[in-house]
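Participant: Before I ask anything, let me first share the structure, which is written out below as structure tokens.
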Amino acid sequence: MLLSTNLLAFVLHKKMKILTLRIYNSTPDYDEMYKLHKKFDKNSVFLTASPSVTEPVYDTQTNILTVPGNECLIPGILYKTIKGIEYCLKHFEFDILVRSNMSTIIDYTELEKQLSNISSPIYGGHVWSYVIMKNFVTPTRFSFISGCCTVMDRDVCAKLISGNFMYNLYDDVAIGYYLSKLYPITYSTQYDETCKKQSGSCFYRFRKDITRYDQREKDIENIKHFYQLLTE
């Protein structure tokens, strides 16, 4: 039996299911960013940690996933990232998971277009280079993916949650070091720091002052403006 033209088109161009796991910690600035992402980005789950829970809790109304732990930069973000991905694998259907943050906007149409030509494994994003001193003697250089736009398929996610990490490193560096021994980077892009939509760009980061985690009023304003631009 031949497929109709419309059905054949659907089969050949089945929409990729993308889930974004955003690192989130409730502060006045991040709460304002949360409101904007919650309104405009229906693919996002917001990941927090709390010592008051003993197992992950997901609120379907707020889209906030809370895992056991303490909010801190090192090793807290790495720990909650792994716990969050583990929960997502068990409870959400997705083809691609993007590990991101509160100051990044994703153009999903462009991202899906770029990923459609990549075969498994899909792993990549904005690529950086890092050097660690292995055994405090031998320098080891490797590539890792920026934590604002780490793109992984389900197989990569499944391997990641069983990882043995260096918990003294920043989360994206530790993840990159572990995955560098298992997978090649098959997807490379760059995030843009601009308030204008760029051809071929799918990640836009808004952090005017990289030395601060507070006083983000201008970033919030730019995020709001850019979401409005994307929906025009």
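The values are calculated or read from the model by the stated rules, or taken from the named source; none is laboratory data. Here the structure is a predicted model, which means the values were calculated and not measured. Here the Cβ is made from the backbone with ideal geometry for all residues, glycine too, and neighbour counts use every protein chain on show. Side chains are part of the model used for accessible areas, which takes the heavy atoms of the whole protein and leaves out ligands, DNA and RNA. Shrake-Rupley method; radii C 1.70, N 1.55, O 1.52, S 1.80 Å.
Participant: Within segment 182-210, count every residue that is assigned to a loop (DSSP other than H, G, I, E, B), more than 27 Å from Thr231 (Cβ to Cβ) and either modelled with pLDDT of 95 or more or within 14 Å of the chain's Cα centre (by Cα) (or both).
Facilitator: Qualifying residue count, segment 182-210: 5.
Participant: Within segment 129-149, work out how many residues are without any contact (Cβ under 8 Å) to a residue 40 or more places away in the chain and either open to solvent by 60 Å² or more (accessible area, probe 1.4 Å) or closer than 21 Å to Gly200 by Cα (or both). Reasoning before the result, please.
Facilitator: Start the filter on segment 129-149 by keeping residues that are without any contact (Cβ under 8 Å) to a residue 40 or more places away in the chain, which leaves 129, 131, 133-142, 144.
Those left that are additionally either open to solvent by 60 Å² or more (accessible area, probe 1.4 Å) or closer than 21 Å to Gly200 by Cα (or both): 129, 131, 133-139, 141.
Counting residues in segment 129-149 that are without any contact (Cβ under 8 Å) to a residue 40 or more places away in the chain and either open to solvent by 60 Å² or more (accessible area, probe 1.4 Å) or closer than 21 Å to Gly200 by Cα (or both) gives 10.
Participant: Give all pairs with beta carbons closer than 8 Å in which a residue from segment 209-230 that is surrounded by fewer than 11 Cβ atoms within 10 Å (Cβ to Cβ) meets a residue that is among the charged types (D, E, K, R) and modelled with pLDDT of 95 or more; count only pairs at least 6 apart in sequence or on separate chains.
Facilitator: Asp214/Asp29
Participant: Tell me which residues, restricted to segment 154-164, are assigned to a loop (DSSP other than H, G, I, E, B), open to solvent by 40 Å² or more (accessible area, probe 1.4 Å) and touching a residue at least 40 places away in the same chain (Cβ under 8 Å). Break it down stepwise before answering.
Facilitator: Here is the first cut: in segment 154-164, the ones assigned to a loop (DSSP other than H, G, I, E, B) are 161-164.
Filter again for open to solvent by 40 Å² or more (accessible area, probe 1.4 Å), leaving 161-162, 164.
Ile161 - this is the single residue of segment 154-164 that is assigned to a loop (DSSP other than H, G, I, E, B), open to solvent by 40 Å² or more (accessible area, probe 1.4 Å) and touching a residue at least 40 places away in the same chain (Cβ under 8 Å).
Participant: While we're here: What are the residues in segment 33-63 that are among the acidic types (Asp, Glu) and free of Cβ contacts under 8 Å to residues at least 60 places away in the same chain, if any?
Facilitator: Within segment 33-63, the subset among the acidic types (Asp, Glu) is 41, 55, 59.
Matches in segment 33-63: Glu55, Asp59.
Participant: Please specify each residue of segment 112-145 satisfying the condition of being touching a Phe, Trp or Tyr at 6+ places or on another chain (Cβ under 8 Å) and either part of a helix (DSSP H, G or I) or closer than 20 Å to Lys15 by Cβ (or both).
Facilitator: Passing the criteria: Gln114, Leu115, Ile118, Ile122.
Participant: Determine, yes or no, whether Val53 is of a type outside the set (Asp, Glu), open to solvent by less than 40 Å² (accessible area, probe 1.4 Å) and in a loop (DSSP other than H, G, I, E, B). Even if it seems obvious, please write down each step before you answer.
Facilitator: On the way: of a type outside the set (Asp, Glu): yes; open to solvent by less than 40 Å² (accessible area, probe 1.4 Å): yes; in a loop (DSSP other than H, G, I, E, B): yes.
Judged against the criteria, Val53 is a match.
Residues checked against (1) surrounded by 14 or more Cβ atoms within 10 Å (Cβ to Cβ); (2) of a type outside the set (Val, Ile, Thr); (3) at pLDDT below 95:
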position	(1), (2), (3)
Met1	no, yes, yes
Ser4	no, yes, yes
Leu8	no, yes, yes
Tyr24	yes, yes, no
Glu32	yes, yes, no
Lys35	no, yes, no
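Participant: Can you pull out the residues in segment 111-128 that are farther than 21 Å from Asp41 by Cα and open to solvent by 60 Å² or more (accessible area, probe 1.4 Å)?
Facilitator: Of everything in segment 111-128, those that are farther than 21 Å from Asp41 by Cα and open to solvent by 60 Å² or more (accessible area, probe 1.4 Å) turn out to be Asn117, Ser119, Ser120, Trp128.
Participant: Determine the pairs where a residue that is over 19 Å from Leu73 (Cα atoms) and among the aliphatic types (A, V, I, L, M), located within segment 170-188, has a partner that is at pLDDT 95 or above and surrounded by fewer than 19 Cβ atoms within 10 Å (Cβ to Cβ) with Cβ atoms under 8 Å apart, the partner being 6 or more residues away or on another chain.
Facilitator: Leu179/Lys159; Leu182/Lys159; Ile185/Val127; Ile185/Ser143
Participant: Ok, one more. Of (1) touching a residue at least 60 places away in the same chain (Cβ under 8 Å); (2) exposed (fewer than 13 other Cβ atoms within 10 Å of the Cβ); (3) under 16 Å from Thr20 (Cα atoms), Lys90 satisfies all except one. Which?
Facilitator: Result: Lys90 passes all but (1).
Participant: Which of the residues belonging to segment 165-186 are within 24 Å of Ser120 (Cβ to Cβ), open to solvent by 50 Å² or more (accessible area, probe 1.4 Å) and in contact with a helix residue (DSSP H, G or I) (Cβ under 7 Å, 6 or more places away or on another chain)?
Facilitator: Scanning segment 165-186 gives a single hit, Leu182.
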